1. With respect to the numbered conditions (1) out of contact with any Asp or Glu (no Cβ under 7 Å at 6 or more places or on another chain); (2) outside any strand (DSSP E or B), which one is the sole condition not fulfilled by Glu259?
2. Considering only the range 87-122, state which residues are near the ligand (Cβ under 8 Å from one of its atoms) and closer than 17 Å to Ala183 by Cβ.
3. Check the range 218-237 and report whether any residue there is among the polar types (S, T, N, Q) and within 28 Å of Pro12 (Cα to Cα).
4. Quick one: Thr164 ticks every box in (1) crowded, with 22+ Cβ neighbours inside 10 Å; (2) within 14 Å of the ligand (Cβ to nearest atom) bar one, so which box is it?
5. Which pairs have Cβ atoms under 6 Å, sit 6 or more apart or on different chains, and link a residue in the range 100-114 that is closer than 13 Å to Gly131 by Cβ to one that is part of a strand (DSSP E or B) and of a type in the set (Gly, Ala, Ser)?
6. So which residues in the range 60-86 are under 25 Å from Ala102 (Cα atoms) and either of a type outside the set (Lys, Arg) or near the ligand (Cβ under 9 Å from one of its atoms) (or both)?
7. Give the residues of the range 224-274 that are free of Cβ contacts under 8 Å to residues at least 40 places away in the same chain and of a type in the set (Ser, Thr, Tyr), sorted by residue number.
8. Can you work out which of the residues in the range 119-154 that are at pLDDT 95 or above, among the hydrophobic types (A, V, I, L, M, F, W, C) and more than 19 Å from the chain's Cα centre (by Cα) is nearest to Val43 (Cα to Cα)?
Amino acid sequence: MTTAAFGVRGQPLAPHTSLRIGGPADFFLRVASEKDLVGAIQVAREHELPVFVLGGGTNLLVADRGIRGVVLQNAWREARVDGGVVTASSGSELAHVAAVAARAGVEGLEWMATVPGTVGGAVHGNAGAFGGETADALLDADLMDLNGDGWTAKAGELGYSYRTSALQGTPIVCVRARFQGKAGDRAAAVRRIKEMANERIKKQPLAQPNTGSIFRNPPGDHAGRLIEAAGLKGRTVGGATVSEKHANFIVNAGAATAEDVRTLMSVVQREVAKRFGVELVPEVELVGEW
Ligand SMILES: Cc1cc2nc3c(=O)[nH]c(=O)nc-3n(C[C@H](O)[C@H](O)[C@H](O)COP(=O)(O)OP(=O)(O)OC[C@H]3O[C@@H](n4cnc5c(N)ncnc54)[C@H](O)[C@@H]3O)c2cc1C
């Protein structure tokens, strides 16, 4: 088999990220089934190519030079409900999991409806919103290493804390996950999803390309509050701007480069540290060749 098995060469990644920023992948392949996902990882191993699994691209700052090796865009979408448990493929959007659960009258997973991205991205980064988070909802996840060896890990084994997990910084791939909800009322779950969505629309600059919160909230405080108090709303580097609507969002106001965003992040970190002595830690992942 040749590397032609990896579909497109030099595919720009910008269209595949919510920030609309990012240079080319050496090889880009969209996978839409478990077989494709596992098969692509096997072929990459045979060619000794590094693999990057791309979910929804909603928590990424991809370098202008792009990503070396193979980028697998995980579009394998499958979710089913058994009792109060939802089993979902890693490429399912979290919002799809919330919708499938709500439709089946399973409550407790409504928060997922407002978090962009996939199950794999959420299991990797312990995504959460409105008081819910992956660590609490997850029963277990089927994982795989780049040798193709698979195992199941319980949520308690994944080293979860606020927006972190033991999977970060490793090449371990989430294949599938099981989430625990509870039997409840379909109408109540649907209503809660609508309320949460409305709240989001009011507070977040969703009309411009962004990557959600750019920094993690420091203990006992909010990154957005600190950035706003430092007078940084509207601060711009190239095409990247600190949102006027929500200070912990950096938006791509036009033709921002990854370097623009990275520089603006440094400006924000420096100013906040100077004013308040707080070190802001990025929530967004910087990936690729810088
Ligand atoms: C408007 C907006 C609002 C947001 N609000 C929130 C919020 O409220 N709470 C929150 O937590 N986050 C929020 N985010 C950030 C983002 O939605 C989450 O971090 C999400 O979990 C990322 O998932 P993804 O599929 O897009 O991952 P990607 O951005 O594609 O990738 C992120 C990381 O996950 C890894 N990854 C992806 N799939 C897999 C897999 N199958 N196996 C192993 N690793 C994998 C990638 O390799 C990468 O390292 C928001 C983002 C946006 C744009």
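1. Of everything listed in (1) out of contact with any Asp or Glu (no Cβ under 7 Å at 6 or more places or on another chain); (2) outside any strand (DSSP E or B), Glu259 misses just condition (1).
2. Correct list: empty.
3. Looking for residues that are among the polar types (S, T, N, Q) and within 28 Å of Pro12 (Cα to Cα), one finds at least one in the range 218-237, hence yes.
4. Result: Thr164 fails condition (1) only.
5. Going by the 6 Å Cβ cut-off, the qualifying pairs are Trp111/Ala129; Trp111/Gly132; Thr114/Ala129.
6. Looking only at the range 60-86, we keep the residues that are under 25 Å from Ala102 (Cα atoms), and these are 74-86.
The answer is Asn74, Ala75, Trp76, Glu78, Ala79, Val81, Asp82, Gly83, Gly84, Val85, Val86.
7. Residues satisfying the conditions are Thr236, Thr241, Ser243, Thr263, Ser266.
8. The residue in question is Trp151.
The values are calculated or read from the model by the stated rules, or taken from the named source; none is laboratory data. If you're wondering where the values come from, they're calculated on a predicted model, not measured in any experiment. FYI the Cβ positions are ideal-geometry reconstructions off the backbone, even for glycines, and counts take in every protein chain you see.
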